[in-house]
1. Pairs please, first residue from the range 291-311 and over 21 Å from ALA233 (Cα atoms), second anywhere and among the hydroxyl-bearing types (Ser, Thr, Tyr) and at pLDDT 95 or above, Cβ atoms under 7 Å, 6+ apart in sequence or on different chains.
2. When you go through (1) over 15 Å from SER173 (Cα atoms); (2) open to solvent by less than 30 Å² (accessible area, probe 1.4 Å) one by one for ILE406, which number turns out not to apply?
3. Return the residue satisfying two criteria in turn: it lies in the range 253-280 and is among the hydrophobic types (A, V, I, L, M, F, W, C) and outside any loop (DSSP other than H, G, I, E, B), and of such residues it is most open to solvent (accessible area, probe 1.4 Å).
4. If you go through the range 251-310 one residue at a time, how many are among the charged types (D, E, K, R), over 26 Å from ALA209 (Cβ atoms) and over 25 Å from the mean Cα position of the chain (by Cα)?
5. Restricted to the range 286-307, and to residues that are in a loop (DSSP other than H, G, I, E, B) and touching a Leu at 6+ places or on another chain (Cβ under 6 Å), which residue is surrounded by the most Cβ atoms within 10 Å (Cβ to Cβ)?
6. Would it be correct to say that VAL203 is over 26 Å from ASP384 (Cβ atoms), of a type in the set (Val, Ile, Thr) and in a strand (DSSP E or B)?
7. Out of contact with any Asp or Glu (no Cβ under 8 Å at 6 or more places or on another chain), surrounded by fewer than 20 Cβ atoms within 10 Å (Cβ to Cβ), in a loop (DSSP other than H, G, I, E, B) and touching a residue at least 24 places away in the same chain (Cβ under 8 Å) - does that describe any residue in the range 427-446?
Amino acid sequence: MSLSEDDLRAAIAREMPGVRADLERLVRIPGIAFDGFDHSHVERSAEAVAELLRGCDLEVQIVRGAGQPAVIGRKAAPEGAPTVLLYAHHDVQPVGDPALWHSDPFEPVERDGRLYGRGAADDKAGVMAHIAALRAYGDDLPVGVVVFVEGEEEYGSETLDELLETHRDLLRSDVIVIADSANWDVGVPALTTSLRGLVNCFVEVRTLANAVHSGMFGGPVPDALTVLARLIATLHDDRGEIAVDGLVGREGAPVDYPEDRFRHESGILDGVRLVGHGTITDRIWTKPAIAVLGIDAPGTAVAANALVPSAKAKLSIRLAPGDDPQSAYAAVRAHLEKFVPWGAQVEVTLESDGAPCVIDASGPRYDAARAAFRAAWDGADPVDMGMGGSIPFIATFQELFPGAAILVTGVEDPHSAAHGPNESLHLGEFARVCLAEALLLRNVAALGR
């Protein structure tokens, strides 16, 4: 092995100023893949990532299916060495209300050791962690690498399956590192070993052919908003536990998550009680959850004194590991159709779904990752953690590359506010992430194929 641990520590320290400068350049590109946004910025983002990979002496191509551009860079493995696929994504979430940001979302700013900006953590830091590890090795890379940087993850990875299938042979690898999760805390690394699945759907209720006078007809005629409110309320019992038959849930997440820490990190207001039962980790990792994401109905500023004829809500159902998106959607739809009050018409339609996953994180390659984390975090033991969010394509990777060890790593911490206003990256932790990835490549190389 040409580079020792001390060599890699020195190399990462040497490369971090340039890595940060390139991260800031990426953050300045508002590459949002959602409909209604200027997708030329996603193209610019892909080109910038391609340039960074070419600078690491990789063979690079920008690929696309029916959607946004992804970038693939490849360097062949030395004789007998394994190949590692390094995944991240270069697109970002919309910023939401700019007034909630303390600085321009696309102008990176450092405050109190954190770099603020949309995508600074999710997931342009993931891109740059891969670049940092490659730069640390230079011409002495001990493994083959395939860097795959997607361009529409935040929009749901609609064409990712197509890209993976098309470029399956090019992407084939022994280890897959997905740098799109989080660490347990500042100072405590983690491997993500389970993720919930997702079903997003719409429920629309109708009670009238058109709006009518609320005084002349109100009383015997139910308005659609009241119907929708009562219907949504049936999804939970009085304790806040899911009341939909057929959704899978289990207990037994072994990690302790103190309630006071959870309340602080979630931002829940004083006096608001947590709902459901079981440990915090059970409730966010291994049980289903249902939330109302939005409602289509007249706004209060423009509402007339009229009964609303129709109302529509968007529901997000997070699925526990072991559940199936199709059966879960069928269960929710059957519940809504059964419990709609007063004979109102109801229509339930699916928007999108994604499978949950569980990773058996045992064996020498996972031990190699834990050893890398332990060294980068100065002896702190990594946590095997679940994730309440969803990365549905991990199940696709598991299906297409059944022999590969999938390592879901993170650049975020509990204070990163990914997807929210004032997203940020802890710069000290980011340096540890970069070192950990360099050490991981070294440890995997020592295992051979």
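The values are calculated or read from the model by the stated rules, or taken from the named source; none is laboratory data. Since this is a predicted model, take the numbers as computed values, not measurements. Cβ placement follows ideal geometry from the backbone for every residue including glycine, while neighbour counts extend to all protein chains displayed. When the accessible area is computed, the model is the full protein with side chains, heavy atoms only, and any ligands, DNA or RNA have been set aside. Shrake-Rupley method; radii C 1.70, N 1.55, O 1.52, S 1.80 Å.
1. ASN305/SER214; ALA306/SER214
2. (1)
3. Applying the filter and picking the extreme gives PHE262.
4. So the answer is 2.
5. PRO288
6. On the way: over 26 Å from ASP384 (Cβ atoms): yes; of a type in the set (Val, Ile, Thr): yes; in a strand (DSSP E or B): yes.
The answer is yes for VAL203.
7. no
To keep it simple, each residue is scored yes or no on (1) out of contact with any helix residue (DSSP H, G or I) (no Cβ under 9 Å at 6 or more places or on another chain); (2) buried (at least 18 other Cβ atoms within 10 Å of the Cβ); (3) not aromatic (Phe, Trp, Tyr); (4) not in a loop (DSSP other than H, G, I, E, B).
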site	(1), (2), (3), (4)
ASP7	no, no, yes, yes
ARG25	no, no, yes, yes
ILE32	no, yes, yes, no
GLU51	yes, no, yes, yes
CYS56	no, yes, yes, no
GLN61	no, no, yes, yes
